[in-house]
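Here the structure comes first, spelled out in structure tokens, and everything after it is commentary.
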Amino acid sequence: MDIRFTQNIYPSAAGGDAKISYYVLFPVGAELRGIVQISHGMCEYFTRYTAFAKYLCSLGYIVCGNDHLGHGSSVPPSGTLGFFGHHHGWSVLIDDVAKLTDKMKKRWPELPYFLLGHSMGSMVARLYLTRYGQKIDGCILSGSPAAHTVTPLAIQIANSAIRTHGPLYRSCMINNLVFGRYNARIPNCQSPFDWLTRDRAVVSLYQSDAKCNFIFTAAGFRDLFYLEQNCNRMQSIKKTPVNMPLLFVSGDADPAGNYGLGVRKIAAAYRAAGCQDLDVIFYKGSRHELLNELNKEQVYGDISRWLEKQLRRLPKG
């Protein structure tokens, strides 16, 4: 199948000189069945999802996504990797994702629309649902972290680092606070990033990629903690449309999801809030990046079958 790949930019909700790079993969000559927008995770960028995007294109989906501000090709001249803004950068990420939704829906208003968020991007997606849920027909959430009791303290620590060293300071201490125990259950670790996936080739590429292996700024970590805190608040969860179909996918060896316990907690909260269509799939032995795992074909298939189920329930025409 011929797949057209395009890259362009739009102004970030942050204002100033901030521009967001976005990407569209379009199956040429195929019957178009829907659009899947990807909200990527922390310390990565959209094109790491190219293999999965091409798989979806082969099934008739248009796939799009942006590099979040401070990631990939969305780093303005006045910015740096891992920095979203001086104030409320976490909120800017949500509005930037919605801007791409609007661009895509303006071009293809008739197509069913789905959002997939991974890790930090899943927290962005969950808060997107509270503001813009009416724009889409379903949401897939991969490796989504639950609330931690230490998050308020973590926000205080980040604020202290900002006051002392400035918002662009990169704190090894905060980075270790977040990720220091993530390899704890992995035998024979060969990299600080082994917790991402069992596929050593993927880990090696990640570790050698300057657009992945950086440490967030203190302000970026503060925004990350706000994302985690806000998306897991019950008042936020209750703002999600109750008829929004949700699919949670997680590895049971993913420390970001507390080895399944955190994802179960999140799913229970959505059900308690009245969510009427929620599926959860766990993958035995899989770690954080399911779309880059050794069993990624199984994950691809489960996601595509869920999408098919959603297409069948939508009204025709």
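The values are calculated or read from the model by the stated rules, or taken from the named source; none is laboratory data. Just so you know, these numbers come straight off a predicted model, no measurement behind them. Virtual Cβ from ideal backbone geometry, glycine too; neighbours counted across all protein chains shown.
Numbers below:
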item	result
Answer residue from the range 36-65, given it is hydrophobic (A, V, I, L, M, F, W, C), part of a loop (DSSP other than H, G, I, E, B) and under 17 Å from the mean Cα position of the chain (by Cα) and is nearest to Met123 (Cα to Cα) among those	Met42
Considering residues of the range 171-205 that are of a type in the set (Gly, Ala, Ser) and touching a helix residue (DSSP H, G or I) at 6+ places or on another chain (Cβ under 7 Å) only, the residue surrounded by the fewest Cβ atoms within 10 Å (Cβ to Cβ)	Ser191
Residues (of a type in the set (A, V, I, L, M, F, W, C), over 25 Å from Trp195 (Cα atoms) and modelled with pLDDT of 95 or more) located in the range 29-76	Leu32, Ile35, Val36, Leu56, Cys57, Leu59, Ile62, Val63, Cys64, Val75
Criterion violated by Gln235 - all others in (1) polar (S, T, N, Q); (2) surrounded by fewer than 23 Cβ atoms within 10 Å (Cβ to Cβ); (3) under 18 Å from the mean Cα position of the chain (by Cα) satisfied	(3)
Test for Ser250: is it modelled with pLDDT of 95 or more, in contact with a Leu (Cβ under 7 Å, 6 or more places away or on another chain) and small (Gly, Ala, Ser)	no
In the range 287-306, residue nearest to the chain's Cα centre (by Cα) [restricted to those that are of a type in the set (D, E, K, R) and farther than 24 Å from Gly60 by Cβ]	Glu289
Of the criteria (1) free of Cβ contacts under 8 Å to residues at least 12 places away in the same chain; (2) part of a strand (DSSP E or B), which one Gly15 fails	(2)
Condition met for Arg131 (of a type in the set (Lys, Arg), buried (at least 24 other Cβ atoms within 10 Å of the Cβ) and within 26 Å of Leu246 (Cβ to Cβ))	no
Selected residue (only one of His68, His118, His88 is crowded, with 24+ Cβ neighbours inside 10 Å and either under 24 Å from Pro167 (Cβ atoms) or small (Gly, Ala, Ser) (or both))	His68
Any helices (runs of 4 or more DSSP H) falling wholly within the range 155-254 and containing at least 3 residues that are of a type outside the set (S, T, N, Q)	172-179, 200-207, 218-231
Among (1) surrounded by fewer than 20 Cβ atoms within 10 Å (Cβ to Cβ); (2) not in a strand (DSSP E or B); (3) not hydrophobic (A, V, I, L, M, F, W, C), the one test that Asp279 misses	(2)
Residues located in the range 198-236, provided they are touching a residue at least 40 places away in the same chain (Cβ under 8 Å), touching a Ser or Thr at 6+ places or on another chain (Cβ under 8 Å) and β-branched (Val, Ile, Thr)	Ile215, Thr217
Top-ranked residue in the range 307-317 [being assigned to a helix (DSSP H, G or I) and over 18 Å from the mean Cα position of the chain (by Cα); ranked as modelled with the lowest pLDDT]	Arg313
